[in-house]
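One structure is given below, encoded as structure tokens.
The values are calculated or read from the model by the stated rules, or taken from the named source; none is laboratory data. Because the structure is predicted, anything quoted here is derived from the model rather than measured. Counting neighbours? That spans all protein chains shown, and the Cβs are built from the backbone with ideal geometry, glycine included. Just so you know, the surface numbers come from the protein's heavy atoms only, side chains and all, with ligands and any DNA or RNA stripped out. Shrake-Rupley method; radii C 1.70, N 1.55, O 1.52, S 1.80 Å.
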Amino acid sequence: MTRPLITAVLAFASLAFAEFPPDKSRPCFPGAIYRKAVSSVDAWTGIDAVVTLPTFVPDQTRLRPTGRPADNCSVYFGGRAGNTEIDAGVLWEVIRQPDGSVSKVGKAYRPFWRNKKWFNAPAEAQYYYDPGDTIRVRVWTDAPDKLKMQIDLIARRGEPIDHRRPPISTLSVDFDAPGFGPGRMQEFKRVTAIDQAGNEGKPAQPTRARVEDCAFRSVHLLRGEERLPMTAPRFTDMRCPDHRFFTVADSTDDGGERIGIDGSR
């Protein structure tokens, strides 16, 4: 191999593994109050996060006809590849109670994932997470047009977080995600949100709902075997529809930070 050819090959290899910077000027999508951290479009293969779940305080003056609050809380991940947008994480939800009845209002965070359809984890106590519980969420691709999500319950509220212990419970799912796949250009995200029922695509509605202390302890972007901390240089910071609703503090070198949302500001 000639020296010019060797130089060209090395330059191409360097470019192939270069990290693309995130687009810092993305527009907000209306319909909710949310803090999104979204990566660049790159050869990422997933996202891996440890988060202590927040307390959700609904606005009791904003109720649906069913009596449930019109606002809700979600903490989720996922991403985008081509025209496919994936959400996968946990949502404050009704539960099936020990007597077999369904609660009238949200009582726990429950796993969900959404591609063209909406899916929930089984209505079982092992997949009900309380405010203050710590979970590890991984969303990744290891096959064309597929994503996997795994949620490990690491510690219940008030318990020490010890990553050497086996998880209290584990949920693993895989689902269709057209466009995603190893070696493809795609983005991954993490989101903390006050969702508003029936309001997608419309301006966020005034509310006094609050999300208190969503504590991301670590967040890493995956690229094959690489684990890169999802710190500020690696994501677009979206506080939608307005910065005034959010407090963001205690950023760490491994992608951690604490987030609060107050719709009354």
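Would you be able to say whether some residue in the range 163-175 is touching a Gly at 6+ places or on another chain (Cβ under 7 Å), of a type outside the set (Phe, Trp, Tyr) and either surrounded by fewer than 16 Cβ atoms within 10 Å (Cβ to Cβ) or within 24 Å of PHE119 (Cα to Cα) (or both)?
No: the range 163-175 contains no residue that is touching a Gly at 6+ places or on another chain (Cβ under 7 Å), of a type outside the set (Phe, Trp, Tyr) and either surrounded by fewer than 16 Cβ atoms within 10 Å (Cβ to Cβ) or within 24 Å of PHE119 (Cα to Cα) (or both).
Tally time: how many residues in the range 208-261 are small (Gly, Ala, Ser), crowded, with 21+ Cβ neighbours inside 10 Å and farther than 18 Å from CYS73 by Cβ?
Summing the residues that are small (Gly, Ala, Ser), crowded, with 21+ Cβ neighbours inside 10 Å and farther than 18 Å from CYS73 by Cβ in the range 208-261 gives 1.
Can you spot a residue in the range 109-123 that is small (Gly, Ala, Ser), part of a loop (DSSP other than H, G, I, E, B) and surrounded by 12 or more Cβ atoms within 10 Å (Cβ to Cβ)?
Within the range 109-123, one or more residues are small (Gly, Ala, Ser), part of a loop (DSSP other than H, G, I, E, B) and surrounded by 12 or more Cβ atoms within 10 Å (Cβ to Cβ).
Among the residues of the range 53-74, are any open to solvent by less than 70 Å² (accessible area, probe 1.4 Å), more than 23 Å from ALA125 (Cα to Cα) and assigned to a strand (DSSP E or B)?
yes
Tell me the residue from GLY158, GLY132, GLY179 that is out of contact with any strand residue (DSSP E or B) (no Cβ under 6 Å at 6 or more places or on another chain) and either without any contact (Cβ under 8 Å) to a residue 12 or more places away in the chain or surrounded by 16 or more Cβ atoms within 10 Å (Cβ to Cβ) (or both), please.
Answer to the selection: GLY132.
So ALA193 ticks every box in (1) open to solvent by less than 10 Å² (accessible area, probe 1.4 Å); (2) farther than 26 Å from GLY31 by Cβ; (3) small (Gly, Ala, Ser) but one. Which box is left unticked?
For ALA193, the failing item is (2).
Answer with yes or no whether ARG110 is within 23 Å of GLU225 (Cα to Cα) and of a type in the set (Lys, Arg).
no
State the number of residues belonging to the range 83-108 that are open to solvent by 60 Å² or more (accessible area, probe 1.4 Å), in a loop (DSSP other than H, G, I, E, B) and farther than 26 Å from ALA215 by Cβ.
Residues in the range 83-108 being open to solvent by 60 Å² or more (accessible area, probe 1.4 Å), in a loop (DSSP other than H, G, I, E, B) and farther than 26 Å from ALA215 by Cβ: 4 in total.
Please go through the range 229-265 and pick out each residue that is within 13 Å of ALA193 (Cβ to Cβ) and basic (Lys, Arg).
Hit for the range 229-265 is ARG239, nothing else.
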